[in-house]
1. How many residues are surrounded by 24 or more Cβ atoms within 10 Å (Cβ to Cβ) and farther than 20 Å from ASP32 by Cβ if we restrict to the range 180-199?
2. Among the candidates ALA177, ALA125, single out the residue that is crowded, with 21+ Cβ neighbours inside 10 Å, within 12 Å of the ligand (Cβ to nearest atom) and in contact (Cβ under 8 Å) with a residue 60 or more places away in the chain.
3. Looking at the structure I just gave you, is VAL89 within 15 Å of the ligand (Cβ to nearest atom), at pLDDT below 95 and buried (at least 24 other Cβ atoms within 10 Å of the Cβ)?
4. Considering every residue within the range 23-32, establish whether at least one is touching a residue at least 12 places away in the same chain (Cβ under 8 Å) and in contact with a Lys or Arg (Cβ under 8 Å, 6 or more places away or on another chain).
5. Do we have any residue at all in the range 64-86 that's surrounded by fewer than 24 Cβ atoms within 10 Å (Cβ to Cβ), in the same structural domain as GLN144 (by TED's automatic domain parsing) and assigned to a strand (DSSP E or B)?
6. Can you say whether ILE148 is of a type outside the set (Lys, Arg) and more than 12 Å from the ligand (Cβ to nearest atom), as far as the supplied structure shows?
7. From the list ALA399, ALA389, pick out the single residue that is small (Gly, Ala, Ser) and modelled with pLDDT of 90 or more.
8. If GLU60 satisfies every condition in (1) more than 14 Å from the ligand (Cβ to nearest atom); (2) within 25 Å of SER133 (Cα to Cα) but one, which is the exception?
Amino acid sequence: MKTPLSNKTILLIVTGGIAAYKSLDLVRKLKDAGASVSCVLTQGGAQFVTPLALATLSGEPVSTDLFSPEQEQRLGHIRLSRQADLIVVAPATANTLAKMAHGLADNLASAVLLASNKPILIAPAMNSQMWASPATQANIATLQTRGIHQVGPASGMLACGEIGEGRMAEPDEILQAITALLAPAAGPLAGRKALVTSGPTYEPIDPVRFIGNRSSGKQGHAIAAALAALGAEVTLVTGPTALPAPAGVPQTIAIQTAREMLDACLCHGPYDIAVCAAAVADWRPATESECKIKKEGEAAPTFSLTENPDILATLSQAVPNRPRLVIGFAAETDNVLDHAKAKFARKGCDWILANKVGAGQGFGQDSNEVTLIRRNADGSLAATPWPAASKQALAQKLAKAVAEALE
Ligand SMILES: Cc1cc2nc3c(=O)[nH]c(=O)nc-3n(C[C@H](O)[C@H](O)[C@H](O)COP(=O)(O)O)c2cc1C
């Protein structure tokens, strides 16, 4: 059976992070998806996984040494960098990222990366302080300006016991990013245009303060990547998040406010699909102070609020360019289904995904649990609970359902 990654060759570089154990699963998933995989293992990487494990799973010899006469004769570093359709560095250590950013070539992995003329995808994995350090962030910024693709890192519990950003993206997410890069037009959504909104909006009070919310953008970004992986041409409109642009998404528009988000949604298109996953502020301060509001006297300032534009309703009612499928999210803290059904009736969209948010659920988490609400053929409402899953898995399920609905 032909799969999106049939006839594709991936060079997987495994560097010295504890997340290297997940790379074994990635190799298996890539093979299952029909790809050929060869691996380069750094000395650091070999402290965590063995060449034998990678060779067994990939079915190919593993290269480890720049100066090995035998390895250099068989598949020299130049040839390794040429034979692949895509080079994937997973996990990508702070050390290897620094070498990439500065053009070092003192081991096989860095020499292959420097000699490469192929697209490169990195999956950074490290302690959150290493990730947040100015040095690593400067290196990442350099790599992004050179067009290096990135997936993750995620936030959560790290191997060192700390909680923070730096966990390698899950193998499924890396596979999805690889598919989006290598087979963007091969999927069932090829030729379809999709709009996805993601993240929070920030509504300014004065030049330094704003009304915002806890949305991380993880679900919206995952949906953008999942639609792209099925071949859709995706435009992502996103509020402020700490996430990199998702792999395979050609256009990402960064906005701050709900009004900017609406403008960005309306100025491109038309779209076949619109997924409104952003947590758009319902209200904004009626006036924005030009200067920072000062603390004067005892009285706290009071604000009047004014309603923001309703992006989901606007897209649902857009004439003549209404997307064929408009999907919204109803993030609720209580009476989730009742509120979601009321929102569904009010907005005029085609589907709503209801999810519970607050106290460790929904916003900022890596997993989500939703109920899909849509109409049956006879006009009655159908509410289908989807079991809790990672936001990537949920995004893939949604993208598949979208593809089936547009068949
Ligand atoms: C137990 C252990 C876990 C480590 N985990 C990471 C990690 O997750 N990310 C990272 O950037 N470095 C990590 N390091 C440090 C790297 O292994 C070290 O910087 C090494 O030089 C990386 O070499 P490489 O990039 O050539 O593989 C770890 C080191 C140890 C001892």
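The values are calculated or read from the model by the stated rules, or taken from the named source; none is laboratory data. No experiment lies behind these values; they were computed from the predicted model shown. In this analysis, Cβ positions are derived from the backbone assuming ideal geometry, glycine residues included, and neighbour counts consider all displayed protein chains.
1. Residues flagged as surrounded by 24 or more Cβ atoms within 10 Å (Cβ to Cβ) and farther than 20 Å from ASP32 by Cβ within the range 180-199 amount to 7.
2. Numbers: ALA177 fails: within 12 Å of the ligand (Cβ to nearest atom).
On inspection, the qualifying residue turns out to be ALA125.
3. Working: within 15 Å of the ligand (Cβ to nearest atom): yes; at pLDDT below 95: no; buried (at least 24 other Cβ atoms within 10 Å of the Cβ): yes.
When the stated conditions are applied, VAL89 does not pass them.
4. Pass one, the range 23-32, residues touching a residue at least 12 places away in the same chain (Cβ under 8 Å): 23-31.
Subset that is in contact with a Lys or Arg (Cβ under 8 Å, 6 or more places away or on another chain): none.
Within the range 23-32, not a single residue is touching a residue at least 12 places away in the same chain (Cβ under 8 Å) and in contact with a Lys or Arg (Cβ under 8 Å, 6 or more places away or on another chain).
5. Scanning the range 64-86, I find at least one residue that is surrounded by fewer than 24 Cβ atoms within 10 Å (Cβ to Cβ), in the same structural domain as GLN144 (by TED's automatic domain parsing) and assigned to a strand (DSSP E or B), so the answer is yes.
6. Values: of a type outside the set (Lys, Arg): yes; more than 12 Å from the ligand (Cβ to nearest atom): yes.
Yes; evaluated as a whole, the condition is true for this residue.
7. On the way: ALA389 fails: modelled with pLDDT of 90 or more.
Criteria check complete, one pass: ALA399.
8. If we test GLU60 against (1) more than 14 Å from the ligand (Cβ to nearest atom); (2) within 25 Å of SER133 (Cα to Cα), just (2) comes out false.
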